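Working notes, structure below.
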DNA sequence: CAACGATGGATATTCGAATATTAGTTGATT
DNA sequence: AATCAACTAATATTCGAATATCCATCGTTG
């Protein structure tokens, strides 16, 4: 916002580029040129390069040495692999969370779900109804809180990486599915988790993710750009 | 090899720093100063910085903004979490590999195992017997090949990250365990995989990793530095 | 006409100096 | 003697210019 020529710091630029890739500012497959990015983020090549190489390390952008960086491309195969891996991993984490989670964890997931339920899913100002940023944040927070009880930094770290990749896909297939009761699905997962029914909770989580992936895949093959 | 003042390229420096961290050149917890690294690798700060930030992204080194980088510290808690996560994940991958793997995969694991079996485990030139680099490479290749049949880039990528972290621990607790029959353990895993017995193979893999982790943990608490 | 090589513009990569930050030390004040 | 501020040395961070590489275009040669 401030147009003052302040020194940019890597962490901020990194976070912004990441948010922009996740948020759909840069299209999948699009090349990310230094000149353009430096201007956009008001930083020098060094800090932009560091941000991009970190993002490349986590797979959100790809790096072709001596050629440049580009936003990760989306393919059906990759989406399926990602979905499968994510389901398996989160199943594992959720199971542990249900087994180990204490009252603190229960409070957290109840709170996160409440916030999600009370956040409007769509923007009402934009002409084409779009999923609101607030909802995306609350949604990620709810799913994150579910796993947080598993008490395994490694598992949580991996799950976060996979969630980011999945969010990237979701953003680009904003097919409005009016029939779908996402709210009810979340509530059902929450209830099973609170009831400490690991089999039921993980099965509901699996269906939830699979359903989303199917919608995304349909959108992907239809537009087919 | 040529000591000529050629331009260093990031990829090479990254690979070398990574190998040195994994190989034990830099001690756990040790600070990584730019001046020293630039000299050691004959590169400028930019390329060293990029290498370190990528390594930080995958958790092998830690970054404290404005303070510097340091090699990841080792703790018993982290080791246990890592081991558990790795076992769960590789179990998943191995199960899929056994289910989906074709003759090509079978050939690969047989070949990798043969090489491992024929590689000397210890160096005979060094005064204190140390696990040889060749064996480390062959060992990583064997375990990698076991999972390679699972046909899931995401799963394989995560497994590689975890394997690197585990290797880091292993390097620093080179307790010679003369009684252990590592060779036999590998053969047993191979045989179960070839027999397509997923339950047996994953159980043997789990025991194999758990045994290693226990040894590492013992070394960790004993030296206690 | 096809294949190959040269040329120039666009772009990524690397460098080293300039700048900002931290941490340790000295010296002054209470 | 203890506390804190100012200074200094060590170090990380950022910048923009210099360099190397890629890619498309055009001309040359067989």
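The values are calculated or read from the model by the stated rules, or taken from the named source; none is laboratory data. Note that the coordinates shown come from a computational prediction; the quantities given were computed from them, not determined experimentally. For neighbour counting, all protein chains shown are included, and Cβ atoms are generated from backbone atoms with ideal geometry for every residue, glycine included.
Quick notes on this structure:
- Among the numbered conditions (1) at pLDDT 95 or above; (2) buried (at least 17 other Cβ atoms within 10 Å of the Cβ), the only one that residue B:111 does not meet is (2).
- Hits in the range A:50-85 (condition: over 18 Å from the mean Cα position of the chain (by Cα) and away from DNA strand D (no atom under 15 Å from the Cβ)): A:77
- Some residue of the range B:13-29 being within 12 Å of DNA strand D (Cβ to nearest atom) and either surrounded by fewer than 21 Cβ atoms within 10 Å (Cβ to Cβ) or over 30 Å from residue B:193 (Cβ atoms) (or both): no
For every residue, the table says whether it meets (1) closer than 22 Å to residue A:152 by Cα; (2) away from chain A (no Cβ under 12 Å).
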| position | (1), (2) |
| --- | --- |
| B:23 | no, yes |
| B:29 | yes, yes |
| B:32 | no, yes |
| B:52 | no, no |
| B:69 | no, yes |
| B:74 | yes, yes |
| B:83 | yes, no |
| B:89 | yes, no |
| B:94 | yes, yes |
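- Test: residue in the range B:93-104 that is touching a helix residue (DSSP H, G or I) at 6+ places or on another chain (Cβ under 6 Å), part of a loop (DSSP other than H, G, I, E, B) and farther than 17 Å from residue A:88 by Cα: no
- Among residues of the range B:131-148, those that are touching a residue at least 40 places away in the same chain (Cβ under 8 Å) and either more than 24 Å from residue B:161 (Cα to Cα) or touching a strand residue (DSSP E or B) at 6+ places or on another chain (Cβ under 7 Å) (or both), counted: 1
- Test: residue in the range B:39-49 that is within 16 Å of DNA strand D (Cβ to nearest atom) and in contact with a strand residue (DSSP E or B) (Cβ under 8 Å, 6 or more places away or on another chain): no
- For the range A:56-80, filtering for residues that are touching a residue at least 40 places away in the same chain (Cβ under 8 Å), within 13 Å of DNA strand C (Cβ to nearest atom) and outside any strand (DSSP E or B) leaves 0.
- Some residue of the range A:173-190 being within 16 Å of the chain's Cα centre (by Cα), within 14 Å of chain B (Cβ to nearest Cβ) and at negative phi: no
- Among all positions in the range B:19-31, there is at least one residue which is within 12 Å of DNA strand C (Cβ to nearest atom) and over 30 Å from residue B:206 (Cβ atoms).
- Every condition in (1) at pLDDT 95 or above; (2) away from DNA strand C (no atom under 13 Å from the Cβ); (3) within 16 Å of the chain's Cα centre (by Cα) holds for residue B:36 except the one numbered (3).
- Close pairs (7 angstrom Cβ cut-off, 6 or more residues apart or separate chains): free of Cβ contacts under 8 Å to residues at least 40 places away in the same chain in the range A:16-42, more than 16 Å from DNA strand D (Cβ to nearest atom) and not in a helix (DSSP H, G or I) anywhere: A:20/A:26; A:32/A:26; A:32/A:61; A:32/A:71
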